[in-house]
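The structure is given below, and queries will be raised subsequently.
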Amino acid sequence: MSHYQKEFDQEIKNWEGGTMITYEDELKQEAREEGRKEGRQEEKIEITRNLIKLGIPLDSIKKATGLSEKKILEIKEKLEKE
């Protein structure tokens, strides 16, 4: 194998490795973002539960949490069953 072929092969390996690392990092970043999103949603649900327990009006809960009326009512129904 010629010197140039070896250099070419090494450059290809370096490029492919860099691409894989970038792709892997991108997947990790997406997973972290998804985890954060799920955590924020769980936090909104917990806050909603607490506001319902305090007797806060539905409209105020909607404004405070950004959750839909339907979702808030679902949470309220689950609370009533506990």
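Any read-out appearing in this document is the output of simple, stated calculations on the displayed coordinates, not a laboratory observation. Fair warning: this is a prediction, and the values are worked out from it, not measured in the lab. For neighbour counting, all protein chains shown are included, and Cβ atoms are generated from backbone atoms with ideal geometry for every residue, glycine included.
Running a GNM on the chain with Cα contacts under 10 Å, which residue among Glu38, Glu11, Glu26 ends up with the highest mean-square fluctuation?
Highest fluctuation among the options: Glu11.
In the structure shown, do any of Lys44/Lys78; Lys37/Lys70; Lys28/Lys62 have a Cα-Cα gap over 23 Å, and if so which? Display every interim value, and only then the final one.
Working: Lys44/Lys78 15 Å; Lys37/Lys70 20 Å; Lys28/Lys62 33 Å.
Too far apart for the 23 Å limit: Lys28/Lys62.
Still on this structure: With the crude spin-label approximation of a point 7 Å out along Cα→Cβ, what separation in nm comes out for Lys81 versus Lys37?
The answer from the label model is 2.6 nm.
Give me the number: length gained by fully extending Ile12 to Glu74, i.e. 0.36 nm times residue separation minus the C-alpha to C-alpha distance, one decimal in nm.
Working: separation 62, 0.36 × 62 = 22.32 nm, distance 5.50 nm.
Taking Ile12 through Glu74 to full extension adds about 16.8 nm, to one decimal.
Select one label from [x] 0.94; [y] 1.52; [z] 1.76: the one whose number is Rg/Rh (Cα atoms, Kirkwood Rh) as derived from the coordinates shown.
Looking at Rg/Rh (Cα atoms, Kirkwood Rh) for this model, the match is [y].
Can you compute the FRET efficiency between Lys53 and Gln29 using 1/(1 + (r/R0)^6), with r the Cβ-Cβ distance and R0 = 30 Å? Round to the nearest 0.05. Can you show the working numbers first?
Values: r = 37 Å, r/R0 = 1.22.
Efficiency at R0 = 30 Å is approximately 0.25.
Also: Once the Cα atoms of helix 69-81 and of the chain are each reduced to a long axis, what angle between those two axes, in degrees from 0 to 90 to the nearest 10, is obtained?
70 degrees
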